[in-house]
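I am attaching a structure below and will ask some questions about it afterwards.
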Amino acid sequence: MDHEPHGGAQEAPVTSREQDAVRVLLLIDSAGESPIQPELADPALASAVGVVRTQVRLQKLDFWLRNPDYLADELLTDYESSREAPLLHLAGEILDSEEPEVRRYPMLRHHFGAYEPLDDALAVLRSAGLIAVRRRGTVSRVRQHDYFLLGDGRRVANEIVSQEPVFQYYVERVALVVALADGLGGTELKARQYLQREYAQTDRGTRIGSVSAQARTRLEQFRAQAAAPQREAEVK
């Protein structure tokens, strides 16, 4: 599904395997929790410094990273309930720029929500010894995938950001994504994303469309509401 940027319609951008690998590495680096001690007894995980548990959680976090318009709209939803000014400011930073257009990489809607195959990117990271993947369950039924960041993975992630400052963007956005998902597991993240009508009503097998127009309208409405008390005080 194409999106409508400020300047008119254009094809939705597509990521390369290398772009996906860097983005996923930085996502696992920033979003990972500490491994538990029994896991570190596995020789292949001895250097593990973080882990993102479940493919669902990785995919849902990646959805907000790949879709700044949805990320900003969720920040506005949190602002609507909390009225915390920093949330409005952060959403404005995204929506006042062309980020929702130039940084947006749409994902497909599958049975369990937003999904985009990450096998190639993960294979690049695994073959380089930057991450390890562990499967839980039985031979016939994999119940869960866990994505472990290894020591070399953290080193490379730090080198990428220091040597290529353009990737600092992902570090900053991952921090927002992780804060937004604080305390939510993969299933809970899926449920939250399904509350967005454009997301939920997308036909399976097609790309989830943009909400940048709706989000920018909400942003201006909230800004007007926030400014109203100050204008009233000035009149008095």
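Give me the accessible area of residue 65, 1.4 Å probe, in Å² rounded to the nearest 10.
10 Å²
In addition: Using only the Cα atoms of the range 62-209, build the gyration tensor, take square roots of its eigenvalues as a ≥ b ≥ c, and label the shape rounded, prolate or oblate: rounded if a/c is under 1.5, else prolate if a/b is larger than b/c, else oblate.
Verdict is oblate for the range 62-209.
Any idea how far apart residue 220 and residue 135 come out in nm if each label point goes 7 Å out from Cα toward Cβ?
5.1 nm
Now for a different question. Top to bottom by accessible area (1.4 Å), largest first, where do 146, 96, 42, 29 land?
Listed by decreasing accessible area, they come as 96, 42, 29, 146.
Of 216, 141, 173, which has the largest mean-square fluctuation in a 10 Å C-alpha GNM of the chain?
In the Gaussian network model the winner is 141.
Here's another thing I want to ask about it. In terms of solvent-accessible area of protein heavy atoms at a 1.4 angstrom probe, what is the ranking of 110, 89, highest value first?
Reading off the accessible areas and sorting them downward yields 89, 110.
Now, a different point. How far is it, in nm, from the label point at residue 110 to the one at residue 195 when both lie 7 Å from their Cα along the line to the Cβ?
Going by the 7 Å Cα→Cβ label model, 2.5 nm.
Run the quick spin-label model on residue 78 and residue 127: label points 7 Å from Cα toward the beta carbon, then report their separation in nm to one decimal.
Once both label points are built, they end up 3.7 nm from each other.
Now for a separate question. Top mean-square fluctuation among 41, 175, 191, Gaussian network model of the chain, C-alpha springs under 10 Å?
Taking springs between Cα atoms under 10 Å, the residue moving most is 41.
Also, I was wondering about something else. Most fluctuating residue of 218, 197, 57 in a GNM of the chain with Cα springs under 10 Å: which is it?
197
Only sites in a loop by DSSP and with at most 16 other Cβ atoms within 10 Å count here; which chymotrypsin sites (Phe, Trp or Tyr not before Pro) in the range 75-164 make the cut?
In loop regions of the range 75-164 (DSSP not H, G, I, E or B), the sparsely surrounded chymotrypsin sites (Phe, Trp or Tyr not before Pro) are 112.
Calculate how steeply helix 55-66 sits against the longest principal axis of the alpha-carbon atoms of the chain, using the helix alpha-carbon long axis, and give the answer as 0 to 90 degrees to the nearest 10.
40 degrees
How much of the accessible area of the chain, probe 1.4 Å, is carbon plus sulfur, in whole percent?
51 percent
Given contacts defined as C-alpha pairs under 8 Å and at least six residues apart, what's the relative contact order of the chain, whole-number percent?
Relative contact order, the chain: 30 percent.
The values are calculated or read from the model by the stated rules, or taken from the named source; none is laboratory data. Predicted, not measured: the structure shown is a model, and the values here were computed from it. So basically every Cβ, Gly included, is an ideal-geometry build from the backbone, and we count neighbours across all protein chains shown. Ligands, DNA and RNA are excluded from the accessible area calculation, which covers all protein heavy atoms including side chains. Shrake-Rupley method; radii C 1.70, N 1.55, O 1.52, S 1.80 Å.
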